[in-house]
1. What about residue 200, is it out of contact with any strand residue (DSSP E or B) (no Cβ under 7 Å at 6 or more places or on another chain) and modelled with pLDDT under 95?
2. What residue, among those in the stretch 111-124 that are closer than 18 Å to residue 65 by Cβ and surrounded by 19 or more Cβ atoms within 10 Å (Cβ to Cβ), is modelled with the lowest pLDDT?
3. Would a scan of the stretch 95-110 turn up a residue that is open to solvent by less than 50 Å² (accessible area, probe 1.4 Å), at pLDDT 95 or above and not hydroxyl-bearing (Ser, Thr, Tyr)?
4. Every residue in the stretch 216-225 that is open to solvent by 10 Å² or more (accessible area, probe 1.4 Å) and at pLDDT below 95, please.
5. Which ones in the stretch 216-225 are of a type outside the set (A, V, I, L, M) and assigned to a strand (DSSP E or B)?
6. Identify, from the list 253, 228, the residue that is open to solvent by 10 Å² or more (accessible area, probe 1.4 Å), within 26 Å of residue 123 (Cβ to Cβ) and either touching a residue at least 12 places away in the same chain (Cβ under 8 Å) or part of a strand (DSSP E or B) (or both).
Amino acid sequence: MIKRQLMAGLLLLLITPASLFAVNVHVGIRGEGAITRGYGNIGLYTFNGVFAGVTPEVVAVRSTNQMVQFSGALGVFTQVDITDWYSLVPEVMFAFNRGLTYAGNYMKSSIVDGPDHPELTGEMRYSWMAFNFNLINQFTVVRPTEMVSVHLLGGLSTSVILGRVKEQFNPDFAGVADATQGNINMPYNEANTRFFTPDKRFDVGIMAGFGAQVDFGNAGRLSVDFRSTWYFLPQIKTYLSPDNGVRMSLPFSLTLGYSVKVM
């Protein structure tokens, strides 16, 4: 019931500008492909630890870096052309595979005080689905032809995590057999997956970018945007950020939309 009420409220916000401004109003669909990354407390990281049950203890220090993670989104939008150079664009998007990925070992349950065992390495991926509402201000800066326009955009971006966060560890080894130590990588020589509830579901940030539109008149309008989005609130706590959590960003995204005139 709550999800239905939230959807109804956001759709109402999406439609409201059309009733406030009796100008040109387009309604359409939009798809997005993006790179997602954390920032702030995430990046280069070094730690020490000892893996329980491993004798003799092996001392090592390893650095950990973020990897590129791709995400997508689909949704609907309304473009209200208030003047020839300014448009208000409310947008509702369903995003999937949001999150971040970094390389190293994060099996916290197997680490006790002491040095780090260097064999147990791999890739840790956090991913989730989200429901996004963006309120975009679009400014036309040039019209090369009657049909084509180039614009700048900026505005508020909000996001709500849906369901639970998926955490998956994929090792980059197959296990090391040793006559004295046995298989020292067990039990983490296979992929491990768990799901957990995020610390905060709601996030808010800013978006900026540029794009172009091709207006085909009665046949509709095609738009393409290049965007960058940065959120302010820590969304999840990982083994690399147990205290402050991770702030998310989409440093680069490409959107493609098609709309038709309704007013």
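The values are calculated or read from the model by the stated rules, or taken from the named source; none is laboratory data. Fair warning: this is a prediction, and the values are worked out from it, not measured in the lab. Note that we place each Cβ from the backbone using ideal geometry, even for glycine, and neighbour counts take in every protein chain shown. What goes into the accessible areas is simple: the full protein's heavy atoms, side chains included, and nothing from ligands, DNA or RNA. Shrake-Rupley method; radii C 1.70, N 1.55, O 1.52, S 1.80 Å.
1. Working: out of contact with any strand residue (DSSP E or B) (no Cβ under 7 Å at 6 or more places or on another chain): yes; modelled with pLDDT under 95: yes.
So residue 200 fits the description; yes.
2. In the first step, residues of the stretch 111-124 are kept if they are closer than 18 Å to residue 65 by Cβ; the result is 116, 118, 120-124.
From the residues that got through so far, the ones that are surrounded by 19 or more Cβ atoms within 10 Å (Cβ to Cβ) too are 116, 120, 122, 124.
Values: 116: 41, 120: 52, 122: 73, 124: 79.
That would be 116.
3. At the first step, the residues of the stretch 95-110 found to be open to solvent by less than 50 Å² (accessible area, probe 1.4 Å) are 95, 98-107, 110.
From what's left, at pLDDT 95 or above: 95.
Filter again for not hydroxyl-bearing (Ser, Thr, Tyr), leaving 95.
The answer is yes; a qualifying residue exists.
4. Result: 216, 217, 218, 219.
5. So the first thing to find is which residues in the stretch 216-225 are of a type outside the set (A, V, I, L, M), and the list is 216-218, 220-221, 223, 225.
Selection gives 221, 223, 225.
6. On the way: 253 fails: open to solvent by 10 Å² or more (accessible area, probe 1.4 Å).
Answer to the selection: 228.
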